[in-house]
Amino acid sequence: MLVFGGRTAVGDGTALNDLHSFSLEQRRWSSISTSGNAPAARSYHAATSVGDDLYIFGGCSTFGRLADLHKLDTTSGKWTELPSSDKIKPRGGAGLTAVGTSLYLVGGFCGHELSDVHIFDTVSRTWTELVLPNSVKLHLSPKEGETGELPARSVFGLAAVKLRRSKPLLCHLPRTAGDLHGMYEVGGSETARDCLLAFGGENCSHRPGARGCW
């Protein structure tokens, strides 16, 4: 398990860009030395992995919100900064997951909650925006014949988007019980490569946590 950066305190804490690993077998932490162009110190960034590569996107630095993307080759320990997109607003609290060799960036906070979806192809190193039907926000179908909207949000985890349809479809899953905050990332899997999941999170109209599952 790898842990990158963060902040030493919620208020005036110091932003960090150090890297640590935790061995699940030995149950021991260790600090990792790296080379190359390491990401600036930050918190509220998003992270995911493809193979032996760790990807870090955006977050909040001492100088403001970020929209950069960095890759760490965990075999060589070398950082590489990857192309950014002027269509992606600097943000913190975004969701990021890998589906195959693509990274899916969802939502976040840039002064207001976001609900856009952007895809980074790790092979061609190019960004594209996932355009959903009828609106720039995510539309869903809680049940057949009924439509709705996934509110803009940040710091969240799982939404189910069918990616291999002629038009993307977002479907609503049963709501969880209790005042639970959302998880911290969107998720894909090798066994369901045509789906992207998003759960819970926080939006401006529902501060205790957007607990619905899409």
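See the values below:
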read-out	value
Residues that are basic (Lys, Arg) and closer than 29 Å to residue 85 by Cα, drawn from segment 1-58	7, 42
Tally, over segment 19-34, of residues that are hydrophobic (A, V, I, L, M, F, W, C) and under 16 Å from residue 55 (Cα atoms)	2
Flag for residue 5 being more than 22 Å from residue 129 (Cα to Cα), buried (at least 18 other Cβ atoms within 10 Å of the Cβ) and not β-branched (Val, Ile, Thr)	yes
Whichever residue in segment 115-135 is at pLDDT below 95 and assigned to a loop (DSSP other than H, G, I, E, B) and, among such residues, is surrounded by the most Cβ atoms within 10 Å (Cβ to Cβ)	132
Matching residues, segment 49-105, being assigned to a loop (DSSP other than H, G, I, E, B), under 22 Å from residue 12 (Cα atoms), touching a strand residue (DSSP E or B) at 6+ places or on another chain (Cβ under 9 Å) and of a type in the set (A, V, I, L, M, F, W, C)	94
Enumeration of residues in segment 5-48 that are out of contact with any strand residue (DSSP E or B) (no Cβ under 6 Å at 6 or more places or on another chain) and either within 25 Å of residue 108 (Cα to Cα) or not in a loop (DSSP other than H, G, I, E, B) (or both)	8, 9, 10, 11, 12, 14, 18, 23, 28
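The rows are residues; the columns are (1) touching a Cys at 6+ places or on another chain (Cβ under 7 Å); (2) of a type in the set (D, E, K, R); (3) without any contact (Cβ under 8 Å) to a residue 24 or more places away in the chain.
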position	(1), (2), (3)
2	no, no, no
5	no, no, no
10	no, no, yes
15	no, no, no
18	no, yes, yes
21	no, no, yes
30	no, no, yes
36	no, no, no
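The values are calculated or read from the model by the stated rules, or taken from the named source; none is laboratory data. Source: prediction; values computed, not measured. Don't worry about glycine lacking a Cβ; one is built from the backbone with ideal geometry, like all the others, and counts go over all protein chains shown.
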